[in-house]
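What follows is one structure encoded as structure tokens, with my remarks underneath.
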Protein chains: 2
Amino acid sequence: MANIVIVEDDHFLREELQHILQKEGYSVVSISTFDAPVEAIIQANPSLVLLDLNLPDMSGFQICRTLKAKGVGPILVLTARNQLRDELHALELGADDFLNKPCHPKRLIARIEKLQQLYATMPRLLKWAQFTLDERGNILYAAQQSVALSENEAIMMKLFINNSPAIVTKEQLFIELWGSSEFVDENILQVNMTRLRKTLDKVGMSRSIKTVRGIGYQLIGGETS
Amino acid sequence: MANIVIVEDDHFLREELQHILQKEGYSVVSISTFDAPVEAIIQANPSLVLLDLNLPDMSGFQICRTLKAKGVGPILVLTARNQLRDELHALELGADDFLNKPCHPKRLIARIEKLQQLYATMPRLLKWAQFTLDERGNILYAAQQSVALSENEAIMMKLFINNSPAIVTKEQLFIELWGSSEFVDENILQVNMTRLRKTLDKVGMSRSIKTVRGIGYQLIGGETS
DNA sequence: TCAAACCTTACGCCAACTGTAAGAGTAATT
DNA sequence: AATTACTCTTACAGTTGGCGTAAGGTTTGA
């Protein structure tokens, strides 16, 4: 379902954009910058975010970076300030495309469709240090080689990469794997850790996961053994 | 290895672009439009193609479409004619981004890096019509949705996409699936075809594979049912 | 040295994938 | 319309891989 979130302060513009997009058959949610936007956006689970940078403060860039870190879909940035600096900054912070206002509706639509297409087609890659995880195929690239991960292994690896280099607590793992930290035997976690480690060894990433006694585990920027 | 191909007729501009990119550490190959460009480009195996649309004839668009069909990496189109029509057309034909000349070097670099990032590493994507097959993860993207393919299904789909719109003979399928067309019950092929078709139906691609009585099968540019 | 925390291995269940078999459906030909 | 060759579908069983359980071994740190 093509579900677009518009983040825009100007009420008039918001209506206009919404109208354009809806005419194309998109379902649209508009959010003003003041409505705790990041949480609201994530909850809307958009297939694309249309982010206006006309915001008085620098918060637009911050939103951009946060959204990207959270793995929210493609971000298309709009701005009226025709400045190269803004464009570079936005792209660097994770925006996937950039358009100046005013912008012809057809151009806007074309760019939106292109982004959706790129995102739908492209592997979603999660990176940290020498690890790259393809979230769709559950394939882990490390150094030169790659391995297929099982579902559980991928969930854990995702957690580790997302939190690295911080420690991932056992509770986080429980929640991510089984939805709750209650009523679950601790051993099952250890078994899954063993399995993940064994799989990592296949690509020469021995000892990449350190155990933090009593707390949890930690992915460390390992060496090729 | 970041390997960029520039397709540009103007000798002076070509030098300039090449210079800019090489300063950023890219390895660059320049190709003029007359050097049977498509084959040359494919052979260079670029991680990005910089395509100038200043070409006298309409051949630039044609190159764009052909490259995309062959699964060559991201295509960034440059043009001096600041026309919305060109941009829409290029994007529609498979270009991944579009910039007007003159273009600030920093902007060019930023866009190139963004595209590379989106495309990320290696994945060999196979495309035909509305089908895109990720050969690593055996994931098929069609229209908006995607499905996981089993090993056999992926092998078959790969054959179909590589040969489309030509007919794929039963023998080709036998060879690809079981190494030989001898000593194999024909029924097993039919069963696998049924299964592939059922899987394609999941992404709304009904009737995408036509059977050619006595010969084989054929992937056709289907509709979203 | 001792106990808590952690690791490993083996086992069985389950789901997904694949090939086999048998019968039903379909298209071309007479 | 009947025949026949070709194709499709469904059900079944063997195999494999992922997962959780259980039980015993190993490490860590006081």
*Considering only segment A:169-201, state which residues are within 12 Å of DNA strand C (Cβ to nearest atom) and among the aliphatic types (A, V, I, L, M).*
A:173, A:188, A:189, A:191, A:193, A:196, A:200
*Take the residues in segment A:113-130 that are over 16 Å from the mean Cα position of the chain (by Cα) and modelled with pLDDT of 80 or more, then tell me which one is surrounded by the fewest Cβ atoms within 10 Å (Cβ to Cβ).*
A:113
*Just wondering, is there one or more residues in segment A:92-101 that are of a type outside the set (A, V, I, L, M, F, W, C), assigned by TED's automatic domain parsing to the domain that holds residue A:194 and surrounded by fewer than 18 Cβ atoms within 10 Å (Cβ to Cβ)?*
no
*Tally the residues that are over 16 Å from residue B:149 (Cα atoms) and within 14 Å of DNA strand D (Cβ to nearest atom), restricting the search to segment A:131-145.*
1
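Can we say residue A:172 is at the interface with chain B (Cβ under 10 Å from one of its Cβ atoms) and either modelled with pLDDT under 85 or under 20 Å from the mean Cα position of the chain (by Cα) (or both)?
Details: at the interface with chain B (Cβ under 10 Å from one of its Cβ atoms): no; either modelled with pLDDT under 85 or under 20 Å from the mean Cα position of the chain (by Cα) (or both): yes.
No.
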*asked:* Please go through segment A:156-204 and give me each residue that is within 11 Å of DNA strand D (Cβ to nearest atom), surrounded by fewer than 17 Cβ atoms within 10 Å (Cβ to Cβ) and under 25 Å from residue B:151 (Cα atoms), ordered by number.
replied: A:195, A:198
_Residue ID - modelled with the highest pLDDT, chosen from residues in segment B:1-48 that are in a strand (DSSP E or B) and not aliphatic (A, V, I, L, M)_ = B:27
*Residues satisfying the stated conditions in segment A:138-164, i.e. within 14 Å of chain B (Cβ to nearest Cβ), modelled with pLDDT of 85 or more and within 16 Å of the chain's Cα centre (by Cα)*: A:154
*Consider residue A:211 against the criteria (1) under 20 Å from residue A:132 (Cα atoms); (2) within 9 Å of DNA strand D (Cβ to nearest atom); (3) not aromatic (Phe, Trp, Tyr): it satisfies all of them except one. Which criterion is unmet?*
(1)
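Identify all residues within segment A:96-112 that are more than 16 Å from the chain's Cα centre (by Cα) and either among the polar types (S, T, N, Q) or facing chain B (nearest Cβ under 8 Å) (or both); write none if there are none. Outline the logic, then answer.
Going residue by residue through segment A:96-112, those that are more than 16 Å from the chain's Cα centre (by Cα) are A:98-112.
Correct list: A:100, A:104, A:106, A:107, A:110, A:111.
The values are calculated or read from the model by the stated rules, or taken from the named source; none is laboratory data. Since we're looking at a predicted model, the values are computed, not measured. Positions of Cβ are backbone-derived with ideal geometry, glycine not excepted, and every protein chain shown enters the neighbour counts.
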